[in-house]
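Everything below concerns the one structure shown next.
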């Protein structure tokens, strides 16, 4: 496999990043002029109004990058020198053309999710969670109907059910992790990069290309969103990012002829373990405390790190490191034996176990300190 594929992926990511950076910069001014801002108060930690619509820039850059790539693939087909410099170009073109039904389903579903998020952003987050799930399942159904589904289950019906639950689950996991400046975009960029490397190494060009565009869009947005954020992505961004990642990953197999085991099929679970851990832990805490499961609070992974003594920047950077660590483990799975895969899983479990113990000990000590002060 030549380096031309990686060059094309890098070009796609850089193009998307440039479009995203410029588009988000313009959208920030537009949102400020129109009063489309997120106001502080309640569980929110920012101190002043912050423009929304960053998600419009992310989604817009992915779509523009995709259109630009398709136009380039069409126009460059008649240039003889292209084949000599990029020998994989004809193969890419045929693969993308073959994947066009899935691509259309992905775009239609993503636009439905994007519209849902944008409506919620414009209504200042006042959409009830019960009104959000039906459109999410509708968007996921469109994607699954177009052929975006797993083929690992013993039966087509089970494949469809698992695919729907995976797409909706990852969509909401990334929506929940968007609770601190730079967190959701950074985690999406790192996880998308890892999965793009995995898929391109196994000639799954269409999936790798889609992921590269998303990685670039998130990277271009990050300079505007790092603490203190100049603009938020809003639900239009976080929901759509989760949807695109969920759909993209479920199409790939992650196993090739050199894989000693079938374990790599669950590589996305490892790569997305940070948002999955955040989602599962915060829902468990709410359930344990008898509070509504889908009403926001400050019990997320990042918030608990801040309570542990970190600054907001440190907490987000720490989460980046955790995400990079588990993603690197996932990159190794296609070449590892059963024993090697077991080591990766044990290391991942130990990592999250240590984090859980540290935060639990911290909470218990704070509780004991309050009880002793009250008894004085």
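Quick note: the coordinates plus some simple rules give every number you see, no bench work behind them. These numbers were taken from a predicted model, which means no experiment stands behind them. In this analysis, Cβ positions are derived from the backbone assuming ideal geometry, glycine residues included, and neighbour counts consider all displayed protein chains.
So, by mean Cβ neighbours within 10 angstrom, what's the order for 143-155, 235-247, 166-178, 319-331 with the highest one leading?
With the highest mean Cβ count within 10 Å placed first, the list reads 235-247, 166-178, 319-331, 143-155.
How much mean residue ellipticity at 222 nm does the chain get from its helices, if each DSSP H run of length 4 or more adds -39500 (n - 2.57) and you divide by all residues, to the nearest 500 deg cm²/dmol? Write down the numbers at each step before the final one.
Numbers: 15 runs with 273 residues, N = 376.
So the helix-based figure for the chain works out to -24500 deg cm²/dmol.
Taking only Cα atoms, what is the 0 to 90° angle, nearest 10, from helix 205-225's long axis to the longest principal axis of the chain?
So the inclination is approximately 40 degrees.
From Cα pairs below 8 angstrom and at least 6 apart in sequence, can you work out the relative contact order of the chain, rounded to a whole percent?
Averaging sequence separation for qualifying contacts and normalising by length gives 22 percent for the chain.
Given springs between every Cα pair under 10 Å in a Gaussian network model of the chain, which of 283, 354, 270 has the largest fluctuation?
So, out of 283, 354, 270, the one fluctuating most is 354.
Which order do the peptides 284-293, 214-223 take when ranked by the mean count of other beta-carbon atoms within 10 Å per residue, highest first?
Details: 284-293: 11.1, 214-223: 26.6.
Packing order, densest peptide first, comes out as 214-223, 284-293.
May I have the pair-distance distribution P(r) for the chain, computed from all Cα-Cα distances with 20 Å bins from 0 and rounded to whole percent?
28, 58, 14, 1, 0
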